[in-house]
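Worksheet: the structure to be examined is printed underneath.
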Amino acid sequence: MVNGMQRAAMSTRLGIPMLYGIDAVHGHGNVYRATVFPHNVGLGCTRDPELVKKIGAATALEVRATGIPYVFAPCVAVCRDPRWGRCYESFSEDPKVVQQMTSVISRLQGEIPASGRQGAPFVAGRLNVAACSKHYVGDGGMAKGVNENNTAATFHELLGVHMPPYYSAVIRGVSTVMVSFSSWNGVKMHANHFLVTDFLKTKLRFRAFLISDWRGLDKMTSPEHADYITSVKLGILAGIDMVMIPYTYTEFIDDLTTLVRNGTIPMSRIDDAVRRILRVKFTMGLFENPYGDPSLSGELGKPEHRELAREAVRRSLVLLKNSKDGEQPLLPLPKKAGSILVAGSHADNLGYQCGGWTITWQGLGGNDLTAGTTILDSIRRAVDPGTEVVYSENPGAGFVRRNAGRFDYAVVVVGEPPYAESFGDNLNLTVPAPGPGVIRTVCGGGIRCAVVLVSGRPLAVEPFVGAVDALVAAWLPGTEGQGVSDVLFGDYGFTGKLARTWFRSVEQLPMNVGDAHYDPLFPFGLGLETQPSTA
């Protein structure tokens with residue numbers, strides 16, 4: 001498909017290659033059989049910029065394997081309120097952690113050589129892709145976490161919390177920056193000349209190009225598309241260089257042409273945009289190599305990438321609790337047991353493990369979505385061949401009561417269904433039903449139990465945390481469920497540390513580390529550690 005589009009572009013009078021991009025936000029997630037890595041919310045808990053670099057390199061190869069040279073990643077939002085439906089795309093509530101994790105850019109695009117120029121757009125070659133830092137700027141600070149909403153902050157607060165990742169991204173030679181749907185103090189970012197042109201382009205000396213978000217100009221008005229020619233004028237004059245338009249592109253071309261011809265938009269603004277876009281295309285080598293390379297097809301979902309993803313899962317898991325009432329720690333679990341119970345809606349659901357931005361925009365449930373290993377399958381592979389694994393998605397109280405003495409322990413895997421963007425905005429952040437009921441039935445039924453929470457953010461767990469022996473935040477681990485069992489059964493120890501504050505109740509939100517009234521259930525940086533099992 002991409003090569004077909006490129007052939008059309010190359011057949012035009014000037015033969016300028018077109019630039020096709022895709023949302024590869026946790027691996028090449030839109031493509032069947034690609035390796036799906038943990039979402040950023042989990043990767044932030046690794047605190048390991050080098051691991052994230054390796055993920056960037058692997059993602060670049062898998063994207064190039066399908067002929068695509070450009071990714072709309074990474075999201076460098078500093079999510080300050082987990083009610084936001086995009087919070088799992090954020091590495092942390094702490095700008096320093098997000099800054100560290102911009103290291104992914106350096107391997108998506110390739111490392112700038114020692115003789116190279118920091119701050120200039122850079123793509124090493126045909127095994128790398130152009131990256132895109134998003135969403136500029138302040139998208140993680142929107143009121144109540146409502147998507148596309150307003151971020152109320154002083155300029156000092158904006159510089160201190162939301163801008164630092166962009167300093168790092170520009171220094172790393174990021175090829176593009178995507179402008180946010182959100183507003184800053186009531187001004188739409190897509191119309192903000194001060195932050196887009198005066199600050200990013202001029203003050204930070206950003207030399208690459210700015211791209212709008214999907215239908216970003218349409219969303220400048222309410223209702224959308226209400227005064228499109230004005231939106232085009234404000235967006236282009238603000239400094240946006242490339243516009244993402246799925247449907248009304250002919251209208252955009254007509255309106256922009258009119259605005260240039262009548263002098264509303266000066267030709268110098270068009271020249272600036274064209275110069276920046278061409279600079280990136282030349283830097284990428286797109287003129288020399290406009291087409292995809294079929295020899296890279298074997299990179300998609302290859303074993304080495306899946307092993308890397310499995311490691312990333314292991315390193316991202318955070319152990320929040322490991323015993324109750326003075327008992328011995330439950331984890332790591334013994335592999336050799338008579339019988340164990342596995343329960344919960346997320347134990348055998350690959351789509352739920354992967355979350356949003358996987359095959360489809362919102363993600364899907366089920367095991368026929370793509371190739372991977374569910375947590376249930378990984379448990380079955382991990383235990384001793386003589387250990388009986390009984391799976392019941394939602395066991396009844398009678399079943400648990402009759403069999404409590406039969407099971408050595410239980411693993412309950414529950415969490416959120418997949419979502420993306422506004423569909424994930426959530427003002428209550430409770431564990432969706434039937435999760436709490438399964439936890440109470442199993443963990444309150446006389447069986448020692450470990451609860452694995454699969455979610456894009458902290459959820460309200462205080463009502464039942466006392467009933468569980470162990471609680472693991474698994475975030476959205478992706479296709480390699482064996483990374484979960486690796487740590488549950490002690491092949492590796494727990495090492496992950498919270499990159500987000502875990503609240504007691506949503507009434508506390510927004511609450512971030514350093515706040516005056518900081519009273520979390522589990523504080524930023526917490527993560528119990530275990531040693532690998534020698535048994």
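Worth pointing out:
- Rolled with a 1.4 Å probe across the full set of protein chains, the surface gives Thr154 an accessible area near 70 Å².
- Counting protein heavy atoms only, region 317-522 has 51 percent of its accessible area on carbon and sulfur, 1.4 angstrom probe.
- Rounded to the nearest 20 debye, the dipole magnitude of the chain is 900 debye, with +1 charges on Lys and Arg beta carbons, -1 on Asp and Glu beta carbons, and the Cα centre as origin.
- Couplings 3J(HN,Hα) of region 487-492, computed from phi: 8, 4, 9, x, 5, 9 Hz, in residue order, whole Hz [Karplus 6.51 cos²θ - 1.76 cosθ + 1.60, θ = phi - 60°; x for Gly and Pro].
- Each residue of region 495-509 was assigned a 3J(HN,Hα) from its phi angle through the Karplus curve 6.51 cos²θ - 1.76 cosθ + 1.60 (θ = phi - 60°); the sequence is 9, x, 10, 3, 9, 9, 6, 9, 6, 7, 9, 5, 4, 7, 7 Hz, with glycine and proline shown as x.
- Taking amide H positions as modeled 1.01 Å from N, with prolines and chain starts lacking one, the residues under 5 Å from Cys449 and 5 or more places away or on another chain are Ala410, Asp469, Ala470.
- Selection of trypsin sites (Lys or Arg not before Pro), region 181-235, meeting DSSP coil and at most 11 other Cβ within 10 Å: Arg205
- Listed pairs Lys144/Lys233; Lys134/Lys233; Lys302/Lys497; Lys96/Lys188 exceeding 24 Å between Cα atoms: Lys144/Lys233; Lys302/Lys497; Lys96/Lys188
- For Glu388, the residues 5 or more places off, or on other chains, whose built amide H falls under 5 Å of its own are Ser339, Ile340.
- For the chain, Cys45, Cys75, Cys132, Cys354 have no disulfide-compatible partner, since no other Cys C-beta lies under 4.7 Å from theirs.
- Phe423, Phe489, ranked by accessible area, largest first (probe 1.4 Å): Phe423, Phe489
- Averaged over its residues, the chain has an accessible area of 37 Å² per residue, based on protein heavy atoms and a 1.4 Å probe.
- Ordered by solvent-accessible area of protein heavy atoms (1.4 Å probe), largest first, the residues His517, His225 come out as His517, His225.
- J(HN,Hα) series, region 511-521, from Karplus relation 6.51 cos²θ - 1.76 cosθ + 1.60, nearest Hz, glycine and proline x: 9, 10, 4, x, 5, 4, 10, 7, 9, x, 6
- Here the accessible area is traced with a 1.4 Å probe on the protein chains. For region 21-286, carbon and sulfur cover 55 percent of it.
The values are calculated or read from the model by the stated rules, or taken from the named source; none is laboratory data. Because the structure is predicted, anything quoted here is derived from the model rather than measured. FYI the Cβ positions are ideal-geometry reconstructions off the backbone, even for glycines, and counts take in every protein chain you see. The area values use the complete protein model at the heavy-atom level, side chains included, leaving out ligands, DNA and RNA. Shrake-Rupley method; radii C 1.70, N 1.55, O 1.52, S 1.80 Å.
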